[in-house]
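Read the structure below first, then the notes.
FYI, it's all coordinate maths here, none of it is from the lab. The shown structure was predicted, so the numbers you read here are calculated from the model rather than taken from an experiment. Please note: Cβ atoms are built from the backbone with ideal geometry, for glycine as well, and neighbour counts cover all protein chains shown.
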Amino acid sequence: MKRRDFIQKSVSLGVLSGAAMALGKTRDLFASDAIHHALPYDMVAIKGGEPDVMFDKAMASLGGMKQFVKPNQTVVIKPNIGWDTTPERAANTNPVLVGRIVEHCKMAGAKSVYVFDHTCNEGTRCYKNSGIEDAVKKAGGIMVSGMSESYYHPVEIKKGRNLKNAKVHELILESDIFINVPILKTHGGASLTMCMKNLMGVVWDRGFWHDNDLHQCIADFATFKKPTLNVVDAYRVMKRNGPRGVSVADVISMKYQIIGTDMVAADAAAAKVFGIEPSRIKHIALAEALGAGTSKLESLNINRITLQE
């Protein structure tokens, strides 16, 4: 049995085996996940609609999900599902958006679409109460646990300054396509949660990041894994008391999405949507200095779309 087939069979049975990664060498993830053909735009910034409608319109302007997902490919989607709370609190990615992304991948011909997060609260409750598990299953996707160390495998962060090694979830290492779907919100340690910060949920030891300059570790990991596509959910935005939030009083309705292939650029745009200059978010500059992307939005071809309410 081929290594990838082994992992897919394990996931379909609800069990991921640590032995899977022993069957071969991990590929060069930063290079191989890049989109090698030209897209109509570098980024889409859309506002004013519901999460599924906004995503439909944005993807149509990029030529559709078929630009990123090919028939019979495997896809892993990484939302923020870290907290045992309901969508109205805006601590987790909007479930309507996550479900719609799964549907787009399936329509593009994806063989399997997996969704997971290494949650902060108890995983089963986070998956359920966020609304994401139900949305994913209804859309034809597969929820996978991120709560066992056996699912994570050691990798080297070759360009890392502080973070030189990490254990990464095997779905990130093995899937053909990786779609990163953070929610935009305030964060006490990282200033904001956005694309690069969301990748903390694909590693096992997050404590090391917090203890060894969080901003630098976020930037370091951005040099290892470049998502195929980033979709920033800024429909409901937690403006204070992040990352978990206290109540719906911490949340405002902004109805934005930012979609692009460059995490640094997407984070720069998301910071502006939040009302903060990108230069004030330390890990954006650090990641740009390491060659992970650009924060110079003026150099990009951005499609700005406003929908009628």
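Figures for the structure shown
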{"read-out": "Estimated [θ] at 222 nm from DSSP helical runs (n ≥ 4, -39500 (n - 2.57)) normalised by residues in the chain, nearest 500", "value": "-8500 deg cm²/dmol"}
{"read-out": "Relative contact order [Cα under 8 Å, 6+ residues apart], the chain, whole percent", "value": "23"}
{"read-out": "Rg over Rh [alpha-carbon atoms, Kirkwood Rh] for the chain", "value": "0.93"}
{"read-out": "Virtual spin-label span in nm between Asp134 and Ile252, 7 Å along Cα→Cβ", "value": "2.9"}
{"read-out": "Ranked Ser295, Ser150, criterion: other C-beta atoms within 10 Å, fewest first", "value": "Ser150, Ser295"}
{"read-out": "Flagged links, alpha-carbon separation over 27 Å, of Lys66/Lys159; Lys128/Lys197; Lys47/Lys158; Lys66/Lys239; Lys106/Lys225; Lys111/Lys164", "value": "Lys66/Lys159; Lys47/Lys158; Lys66/Lys239; Lys111/Lys164"}
{"read-out": "Separation in nanometres of the label points that stand 7 Å from Cα toward Cβ, at Asn72 and Ser150", "value": "3.1"}
{"read-out": "Nearest-20 debye value, the chain charge dipole, Cβ charges on Lys, Arg, Asp, Glu", "value": "240"}
{"read-out": "Footprinting exposure proxy for Leu199, Leu300, Leu229 (fewest neighbouring C-beta atoms within 10 Å first)", "value": "Leu300, Leu199, Leu229"}
{"read-out": "Eligible aspartates and glutamates near Lys226 by straight Cα distance, threshold 20 Å, same-chain separation 8 or greater", "value": "Asp28, Asp33, Asp42, Asp117, Glu156, Glu170, Glu174, Asp176, Asp205, Asp262, Asp267, Glu288"}
{"read-out": "At most 16 other Cβ within 10 Å, DSSP loop - trypsin sites (Lys or Arg not before Pro), region 75-124", "value": "Lys111"}
{"read-out": "Taking the C-alpha atoms of region 66-206, convex hull volume expressed per residue in Å³", "value": "111"}
